[in-house]
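The structure appears below as structure tokens.
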Amino acid sequence: MARPIIIDTDPGQDDAIAILVALASPELDVRGITTVAGNVPQPLVTTNTLRLVELAKRTDVPVYRGCSRPIVRKLNTAEYVHGPTGIDGTDLPEPAIEPALGHGVDFIIDTCLAAADGEITICPLGPLTNIGTAIVKEPTIIPKIREIVMMGGGFREGGNTTPVAEFNIYVDPHAARIVFDSGVPMTVMPLDVTHKALVLPEHVERLRALGTPAGDASAGMLGFYVRFDIERYGFEGGPLHDPCTIAYLVAPDLFRGETVAVTVEIDSELTIGQTIADWWGMTDADPQSTVMLDVDAEAFMDLVIERIGRL
Ligand code: RIB
Ligand code: CA
């Protein structure tokens, strides 16, 4: 029985790879994809998502437009990383399909309320605005959620947007606080693990060698996207953040982590968006988060390339 999931996303080249891998994986039943302003604004994140479901030949999966700004703060975007289109490195055509009717937050709520307890997995790949808003609007969805498997946060690795805050959390720290405090079981792919999941030039070449539209688009997007982190960090490759969530759902044994209490700083202008783990049980907070710290990077990239090769 395929695992029912909702993907929440702000494409973003790494989101794009995650979406393609998910749509190519029979282990996953992608009930729908909701979009959130993040890497680039609405409606571009929605248009990009429509382009990607068309590329994957999976227009059976509905795409719902979600929130256009964080709950409290103004929107900060990341064209400096992803380019003005959000998926620079490829020139996918304007989508022929339209978003599904209704708001992304309402799709999350309605899908969860129609499910059995613990049935739905939610995979946020961007700011947590839609998830936090859904929980505030309809708290009865909480027992319906089996697990939130998200990309975000930075612990011992620090941040990538401020010295202590990772982009997805920094953009909407208030939504992140709501989600982490909700009691839903969390599996977190922070920079601590995604900075070990590096796309090397040989991986880009293997994608291009697939000789398919999905392989070509993936090679082009990653070829563009990795430059920023390579220049900043001096890595031999660029971190493939968002696909870590999908790879975990398909092959959890590729990852290792620790289960701890995590919360989010929302009051200090200096450290807002910092994810804070109680590694040594110093508080009475519930250890609700499995924070991934290590990955079998080669097997991870093999899985990504193999799944994209199926499209
Ligand atoms: O910090 C990396 C995260 O921010 C990724 O999800 C990337 O797509 C951006 O949204
Ligand atoms: Ca993202």
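The values are calculated or read from the model by the stated rules, or taken from the named source; none is laboratory data. Quick caveat: nothing in here was measured; it's all calculated off a predicted structure. Cβ placement follows ideal geometry from the backbone for every residue including glycine, while neighbour counts extend to all protein chains displayed. Surface areas here come from the heavy atoms of the whole protein model, side chains and all, with no ligands, DNA or RNA. Shrake-Rupley method; radii C 1.70, N 1.55, O 1.52, S 1.80 Å.
A few comments on the model shown:
- Ile230 falls short on exactly one of the conditions (1) surrounded by 15 or more Cβ atoms within 10 Å (Cβ to Cβ); (2) over 14 Å from Asp192 (Cα atoms); (3) modelled with pLDDT of 95 or more, and that condition is (3).
- When each of Glu79, Glu54 is tested for being under 19 Å from Pro11 (Cα atoms), more than 16 Å from ligand 1 (Cβ to nearest atom), surrounded by fewer than 23 Cβ atoms within 10 Å (Cβ to Cβ) and more than 16 Å from the chain's Cα centre (by Cα), the lone residue that passes is Glu54.
- When region 92-112 is filtered for residues that are in a loop (DSSP other than H, G, I, E, B) and free of Cβ contacts under 8 Å to residues at least 24 places away in the same chain, only Leu101 remains.
- Against the list (1) open to solvent by 30 Å² or more (accessible area, probe 1.4 Å); (2) part of a strand (DSSP E or B); (3) of a type in the set (A, V, I, L, M), the condition Ile122 fails is (1).
- Of the residues making up region 133-152, those that are farther than 12 Å from Ala115 by Cβ and either within 16 Å of ligand 2 (Cβ to nearest atom) or outside any helix (DSSP H, G or I) (or both) number 7.
Okay, residues lined up against (1) at pLDDT below 95; (2) of a type outside the set (Ser, Thr, Tyr); (3) over 19 Å from the mean Cα position of the chain (by Cα):
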position: Asp172; (1), (2), (3): no, yes, no
position: Met186; (1), (2), (3): no, yes, no
position: Met189; (1), (2), (3): no, yes, no
position: Thr194; (1), (2), (3): no, no, no
position: Ala197; (1), (2), (3): no, yes, no
position: His203; (1), (2), (3): no, yes, yes
position: Met221; (1), (2), (3): no, yes, no
position: Val226; (1), (2), (3): yes, yes, no
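- Filtering Ile33, Ile17 for residues that are under 24 Å from Leu303 (Cα atoms), among the hydrophobic types (A, V, I, L, M, F, W, C) and in a strand (DSSP E or B) leaves a single hit, Ile33.
- Residues in region 233-284 that are in a loop (DSSP other than H, G, I, E, B) and hydrophobic (A, V, I, L, M, F, W, C): 10 in all.
- One residue alone among Pro26, Pro41 is within 14 Å of ligand 1 (Cβ to nearest atom) and open to solvent by 10 Å² or more (accessible area, probe 1.4 Å), and that residue is Pro41.
- Subset of region 93-119 [among the hydrophobic types (A, V, I, L, M, F, W, C) and either under 28 Å from Ala217 (Cβ atoms) or open to solvent by 30 Å² or more (accessible area, probe 1.4 Å) (or both)]: Ala96, Ile97, Ala100, Leu101, Phe107, Ile108, Leu113, Ala114, Ala116
- Helices (runs of 4 or more DSSP H) contained in region 157-213 and holding at least 2 residues away from ligand 2 (no atom under 16 Å from the Cβ) and touching a residue at least 12 places away in the same chain (Cβ under 8 Å): 173-180, 201-208
- Lone qualifier among Asp60, Asp14 - being within 16 Å of ligand 1 (Cβ to nearest atom) and either closer than 27 Å to Lys144 by Cα or not β-branched (Val, Ile, Thr) (or both): Asp14
- Looking only at region 233-269, and only at residues there that are of a type outside the set (D, E, K, R) and without any contact (Cβ under 8 Å) to a residue 24 or more places away in the chain, the one that is nearest to ligand 2 (Cβ to nearest atom): Pro252
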